Amino acid sequence: MSSLRSRSQALIKSPLFSFDNTKTLIFLYLVLTRLVKVQRHLQARGVVTSFRETYAWFTQRITWLILRLPSMAAKVETEMNKAKLDVENQLVPKGADVVRHLSLPDHGQSLEWILSQMDVMDNELNTHTNWRNGKVSGAVYHGGEDCEKIIVEAYKRYCVSNPLHPAVFPAVRKMEAEIVAMCLRLYNNPNGAGTMTSGGTESIIMAVKTYRDWAREVKGITEPEMIVPSSAHAAFDKAADYFKIKLHTIPVDPVTRQANIKRMKRAINPNTIMLVGSAINFPDGNQDDITALGQLASYYKIGLHVDCCLGSFIVPFIERAGLANGEDGAYKLLPFDFRVQGVSSISCDTHKYGFAPKGTSVIMYRDAGLRKYQYYVNPHWSVGATRKIANTIRDEIPELYVLGSPPASVVAFASKHPKVNALEVGDAMSQRGWHLNALQPPSVHIAVTRLTVPVVDTFIADLKDSVKQAKMTPSGKGTMVALYGLGQSSAVGPSMVGELAETFLDSMYKA
């Protein structure tokens, strides 16, 4: 026994287990793990893109240092304050005749008084767009007066219901379950599973949370990463930030506007938990190659989420309407639903082309086994108008071109003429009463709704006139040019736009 003890003591005292050697091993481990992360980052981004990102980072820092010089800081602050005031003035009514209700009244008001105040507030901003005339891109997905009556009656019946108490409100639970079942059948997975959410953003966030928890339990991944095309909805960026997931954003093909499959494959590594594709995407209405993404997801045994929030109740019916093959090789709709091998979840907004009230959406999973990772349990707590617009731009407006080949309800256009700025065109359309969406790089899109169809000829005529105006007499002062042009004005332009966006959100809640 004494001999065994002596050998153990000698082993502990040996140089192999010395304090210095232990420090060296820890240091080598830390260096190795950092090198692996760098290697994976370079593999995902590529050397050229990584260099550009690094260069942009240094340029941004240097520019900010210059702008902080006393001689520059005052000028920048003055200009930013002007821009912030412009944003606030567009959202917040001002003037001596504007009444603000900033505290609870001493006595309750009558229904007639409340309705009269709603009328006043509806008209306090004379510059706001009337969505009923069909000149708003997306935003209001109106199914007509019949649908509106149904929604109002349903609200009247269940306005005080609480879905957290299905025993008290069984009809609410039943309706939600049936809506999920309808969507699963619509997307060809009747035996799947899903839940309702408050909108597309929550559906996407829930999907990302699901894959994070699934990968942690099933694959032991504690430093998760996800890969999305640059056309993916910003909700994926938000989810990655919320759940501490490293996000690889891969540029789309500049011509097809689809996810770059080769580059997305290159970005996959042992920490990857999911891929993302859209059918259709928000920026330009194009669709990713879901079949190719599904093959990657199946091979690497990772999740594939298909964002159909905007495609919702449009894309499932394109094939049934006989339009999936497109026209003359354009506008073709590719497979996108649960029939595609590798697709493991799909988000679908019922409050868009399903004409349900804001905000409702559905997140669907291939099976209930995956859905359980969405849950949090703490047991210890006590089409047609779109193609007409696209064809007209292609055939009759040589200064513009359509981005990609949009198969459904969104069309985006950019300029191919050196003297025409697409954002100027967008501002000129605003002068004609249209409310469109500006994008980066400079382009503009319209999401066609039921209300757009009767005024599509007006849109085309206004678009042609706006192109002429932007070409002959550009103002350089419109909202799109000023705001989105600022985003490309310098290395710190996007940060300034971000600051203005914060002002926009602050103004939303300014009484």
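The values are calculated or read from the model by the stated rules, or taken from the named source; none is laboratory data. As the structure is a computational prediction, the values presented were derived from the model and not from experiment. Backbone-built Cβ (ideal geometry, glycine too); neighbour counts: all protein chains shown. Each accessible area value is taken on the protein alone, full model and side chains, heavy atoms only, with ligands, DNA and RNA left out. Shrake-Rupley method; radii C 1.70, N 1.55, O 1.52, S 1.80 Å.
As a test of the formula, what do you get for the chain when each DSSP H run with n ≥ 4 contributes -39,500 (n - 2.57) and the sum is divided by the residue count, at 222 nm and rounded to the nearest 500 deg cm²/dmol? Mind dumping the intermediate values first?
Values: 18 runs with 239 residues, N = 511.
It lands at -15000 deg cm²/dmol.
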Please give the solvent-accessible surface of Met226 in Å², to the nearest 10, using a probe radius of 1.4 Å with every protein chain present. 0
Both in Å, the radius of gyration and Dmax of the C-alpha trace of region 322-433 are 20.7, 67
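With the contact rule set at Cα under 8 Å and sequence spacing of 6 or more, what percent relative contact order holds for region 204-318? Don't skip to the end; give the middle numbers.
Values: 191 pairs, mean separation 28.7, N = 115.
In percent, rounded to a whole number, it is 25.
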Low-density loop trypsin sites (Lys or Arg not before Pro), region 185-281, at most 13 other Cβ within 10 Å, DSSP non-H/G/I/E/B, are Lys244
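If you put +1 on each Lys and Arg Cβ and -1 on each Asp and Glu Cβ, how big is the dipole of the chain around its Cα centre, in Debye rounded to 20? Kindly include the intermediate steps, with their values, before the conclusion.
Values: 57 positive and 47 negative charges, 491 e Å.
Here the size comes out at about 2360 debye.
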On each of the three principal axes the extent of the alpha-carbon atoms of region 230-302, given in whole Å and largest first, is 30, 28, 17
Rounded to the nearest 20 debye, dipole of region 294-412 from Cβ charges on Lys, Arg, Asp, Glu: 500
Mean projection area, nm², convex hull over Cα of region 302-351: 4.0
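For region 341-399, compute Rg over Rh where Rg is the Cα radius of gyration and Rh is the Kirkwood radius from the inverse mean 1/r over Cα pairs.
Values: Rg = 20.6 Å, Rh = 15.9 Å.
That ratio is 1.30, to two decimals.
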Residue-wise HN-Hα coupling along region 446-458, computed from phi with Karplus coefficients 6.51, -1.76, 1.60 (Hz; x: Gly, Pro): 10, 9, 6, 10, 4, 6, 6, 3, x, 10, 5, 5, 5
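Taking 0.36 nm per intervening residue step and subtracting the Cα-Cα distance, what contour gain separates Asp146 from Leu111 on full extension?
Details: separation 35, 0.36 × 35 = 12.60 nm, distance 2.47 nm.
Full-extension gain reported as 10.1 nm.
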With the full set of protein chains in place, find how many percent of the accessible area of the chain is carbon and sulfur; take the probe as 1.4 Å. 59
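Over the chain, average the accessible area per residue using a 1.4 Å probe and give it in Å², no decimals.
Values: 29160 Å² over 511 residues.
Solvent-accessible surface per residue comes out at 57 Å².
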What Rg and what Dmax come out for the chain when only alpha-carbon atoms are used, in angstroms? 27.2, 100
Listed by chain and number, the residues whose amide H is under 5 Å from that of Leu403, excluding neighbours fewer than 5 places away on the same chain and using placed H, are Ala412, Phe413, Ala414
Calculate the translational D of region 363-481 in whole µm² s⁻¹ from Stokes-Einstein, where the hydrodynamic radius comes from the Kirkwood formula applied to all Cα pairs, the temperature is 20 °C and the viscosity 1.002 mPa s. 132
Non-local amide H neighbours of Val136 (under 5 Å, H modeled in plane, Pro and chain starts lacking H): which ones? His435
